[in-house]
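Report on the following structure.
The values are calculated or read from the model by the stated rules, or taken from the named source; none is laboratory data. Small disclaimer: the values here were computed from a predicted structure and weren't measured. Cβ: placed from backbone, ideal geometry, glycine included. Neighbour counts: every protein chain shown. Heavy atoms of the whole protein, side chains included, go into the accessibility calculation; ligands, DNA and RNA do not. Shrake-Rupley method; radii C 1.70, N 1.55, O 1.52, S 1.80 Å.
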Amino acid sequence: MIELSDAALALIKEKNAPLSIAPLQSAGSCCFELTDCPAVSFGEPKQRADYTTQTVQGVTVYVPSCFPDEGSYVINVSNFFGFKRLVIDGWKLA
């Protein structure tokens, strides 16, 4: 389940654009596999056929078809030296 924090919702309303979650990137070997937390960006994805569209708190979010169904994920704002970006909280590497 994907939710939006209040700070993320305010930033999204300011930008007035849909969100796209990047495709999942996995790395590993014979003994383990890690899936890095995907990036979140404004706008529509280039390959819309690989995504499902969800409406989360009134915002259109393009979610990769391979995004896990289980778990609770919150899209939040990260502020680094005044630069704001959207991140996913609740992501587990394994």
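Data for the structure
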| item | result |
| --- | --- |
| Taking the chain and dividing mean pair separation by its residue count, relative contact order in percent (alpha carbons under 8 Å, at least six apart) | 35 |
| Principal-axis tilt of helix 6-15 within the chain, Cα atoms, nearest 10 degrees | 70 |
| Residue-averaged 222 nm ellipticity for the chain, from DSSP H runs of 4+ at -39500 (n - 2.57), nearest 500 | -3000 deg cm²/dmol |
| Å² of accessible area per residue within the chain, as computed with a 1.4 Å probe and no ligands counted | 67 |
| Separation of the Gln47 and Ser5 label points, Cα + 7 Å toward Cβ, nm | 3.0 |
| Share of carbon and sulfur in the accessible heavy-atom surface of the chain [1.4 Å probe, %] | 52 |
| Paramagnetic label zone (point 7 Å from Cα along Cα-to-C-beta, Phe83; backbone N under 20 Å) in the stretch 1-22 | 8, 11-12, 15, 20-22 |
